[in-house]
1. Can you tell me which of (1) at pLDDT below 95; (2) over 30 Å from Pro224 (Cα atoms); (3) aliphatic (A, V, I, L, M); (4) within 19 Å of the chain's Cα centre (by Cα) is the one Leu79 doesn't meet?
2. Any residue at all in region 135-151 that is under 19 Å from the mean Cα position of the chain (by Cα), at pLDDT below 95 and in a loop (DSSP other than H, G, I, E, B)?
3. For region 69-99, give me each residue that is surrounded by 12 or more Cβ atoms within 10 Å (Cβ to Cβ) and either part of a helix (DSSP H, G or I) or of a type in the set (Lys, Arg) (or both).
4. Which ones in region 1-31 are modelled with pLDDT under 95, in contact with a Lys or Arg (Cβ under 7 Å, 6 or more places away or on another chain) and surrounded by 19 or more Cβ atoms within 10 Å (Cβ to Cβ)?
5. Kindly indicate whether any position in region 109-118 is out of contact with any Ser or Thr (no Cβ under 8 Å at 6 or more places or on another chain) and of a type in the set (D, E, K, R).
6. Of the conditions (1) touching a helix residue (DSSP H, G or I) at 6+ places or on another chain (Cβ under 9 Å); (2) within 23 Å of Pro101 (Cβ to Cβ); (3) in contact (Cβ under 8 Å) with a residue 60 or more places away in the chain; (4) not in a helix (DSSP H, G or I), Ala257 fails just one. Which one is it?
7. What's the total number of residues in region 30-71 that are of a type in the set (Val, Ile, Thr), farther than 26 Å from Tyr114 by Cβ and touching a helix residue (DSSP H, G or I) at 6+ places or on another chain (Cβ under 8 Å)?
8. Conditions: (1) more than 24 Å from Asp192 (Cα to Cα); (2) out of contact with any strand residue (DSSP E or B) (no Cβ under 8 Å at 6 or more places or on another chain); (3) in contact (Cβ under 8 Å) with a residue 24 or more places away in the chain. Asn9 meets all but one. Number of the miss?
Amino acid sequence: MDKKIDRQNLAVDLGPLNLKNPVMAASGTFGYGEEYSGIIPLGSLGAIITKGLSLQPRKGNPPPRLAETPAGMLNAIGLENVGLEIFLREKMPFLRRVRCPVLVNIFGSTAKEYAEMARRLAEVEGIAGLEINISCPNLKKGGVIFASEPKSVHQVVSKIRRATSFFIMVKLSPNVADIVQIALAAEEAGADAVSLINTLTGLAIDVRTRMPILGNITGGLSGPAIKPIGLRMVWQVAQAVHIPIVGIGGIVTAEDALEYIIAGATAVQVGSAHFIDPRASLRIIDGIQSYLKANEIPNIAPLVGSLKTKRDLS
């Protein structure tokens, strides 16, 4: 008789963080969790990652902010959010009742701001850890993006690590020359895990007006169009780092998620797919479950990084 596979077998560990399954709701597409609470049982998810949060409220970019593209979408929200104080007062009471780990995505314009956010959030009941968005301009360096060079990445992650022993997952940008070196810098600085990839910078033009469709001119490309790039980068980073990897980018089906896991990711994040189907994460969890059962695989671990290449077979 086949060994029974139940949801317990989907459990994965991201260093010190334990997840009941490898499917997380990505930051920016899931609000603060409460927006989806009447649609799906949030406790069924591996984790929820909140909309990006800063010390002070942000209004974001001027509209239009979204543009549909072939096999994806551009967004230029501009990291609009309620700010730390309102988040703690108005969002956390609900998030404390969610029966899955809650990670808070944070960003800042200086390393000091990142550290202050980390220090204050680490003291808050109901938060399991932080996802660090380093795809932000470092105002101390004239607007250079933190994620663009290993030295800046090491600087900001080190400062956060000194401020807290909390679980830290660093979200990496694909808009860099060498993502492997960026990942290694995050690992050396004390990150518990890395998540990749963030959106790719893109542009959409209205040919009638000859003007950009987005009010911000450029935006971040997400959706199925970026999956091959995300897979390639996850595979490359998996060859170099020793900390867990969370794969992001174009995950719509269980097969998409399994590709990332086989490439080297321990867990995945579902983002833009929620705009197509708010229950996408549940479908993906069920699909992974069915794959394990059909292939008589007892848990996720044997799949992680199991990609076979001609080099491996020779």
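1. Status for Leu79: all satisfied but (2).
2. Scanning region 135-151, I find at least one residue that is under 19 Å from the mean Cα position of the chain (by Cα), at pLDDT below 95 and in a loop (DSSP other than H, G, I, E, B), so the answer is yes.
3. Passing the criteria: Leu84, Glu85, Ile86, Phe87, Leu88, Glu90, Lys91, Met92, Phe94, Leu95, Arg96, Arg97.
4. Ile5, Gly28
5. Within region 109-118, one or more residues are out of contact with any Ser or Thr (no Cβ under 8 Å at 6 or more places or on another chain) and of a type in the set (D, E, K, R).
6. Of everything listed in (1) touching a helix residue (DSSP H, G or I) at 6+ places or on another chain (Cβ under 9 Å); (2) within 23 Å of Pro101 (Cβ to Cβ); (3) in contact (Cβ under 8 Å) with a residue 60 or more places away in the chain; (4) not in a helix (DSSP H, G or I), Ala257 misses just condition (4).
7. 2
8. (1)
The values are calculated or read from the model by the stated rules, or taken from the named source; none is laboratory data. Note that the structure is predicted; figures quoted are calculated from it, not measured. Glycine gets a Cβ as well: all are built from the backbone with ideal geometry, and neighbour counts include every protein chain shown.
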